[in-house]
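Notes follow the structure.
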Amino acid sequence: MPGLCDVIGAMFYFRVPGGTEGQIWGTDINTRDSTIGAAAVHMGLLKPGQTAVLRIRVVPAIAHYPGTTRNGVTTSEYSDFPHAWQLSPL
């Protein structure tokens, strides 16, 4: 039986501090083990040191998670990770 974090479409709300440290795999859709605060800065949802409540939605896994650099944060490329999420503002 899958855990709630594995249910496609499940949504979670977290108070997230923006940061530039931590590992992130993917761009706009990230692997489940990516650092949320750094991903939020990468996406332009937060600035480093800024805190806000963000929505995290469990999404279907993708075959390739591309790495990019945006807003001073670099993400890594990864392929075929079975769990993914996507951040958005409220």
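Odds and ends about this structure:
- Of residues in region 1-32 being within 17 Å of residue 81 (Cβ to Cβ) and without any contact (Cβ under 8 Å) to a residue 24 or more places away in the chain, the one surrounded by the fewest Cβ atoms within 10 Å (Cβ to Cβ): 3
- Some residue of region 58-76 being among the hydrophobic types (A, V, I, L, M, F, W, C), over 14 Å from the mean Cα position of the chain (by Cα) and not in a strand (DSSP E or B): yes
- If you go through region 19-54 and keep only what is within 8 Å of the chain's Cα centre (by Cα) and within 14 Å of residue 89 (Cβ to Cβ), you end up with 28, 36, 39, 40.
- The residues on offer are 27, 20, and the sole one that is closer than 17 Å to residue 64 by Cβ and of a type outside the set (Gly, Ala, Ser) is 27.
- Filtered residues of region 69-88 (kept if open to solvent by 50 Å² or more (accessible area, probe 1.4 Å), at pLDDT 95 or above and in contact with a strand residue (DSSP E or B) (Cβ under 8 Å, 6 or more places away or on another chain)): 77, 78, 86
The values are calculated or read from the model by the stated rules, or taken from the named source; none is laboratory data. Bear in mind the structure is a predicted one, so any value in this text is a computation, not a measurement. Here the Cβ is made from the backbone with ideal geometry for all residues, glycine too, and neighbour counts use every protein chain on show. For accessibility, only protein heavy atoms count, side chains too; no ligands or nucleic acids. Shrake-Rupley method; radii C 1.70, N 1.55, O 1.52, S 1.80 Å.
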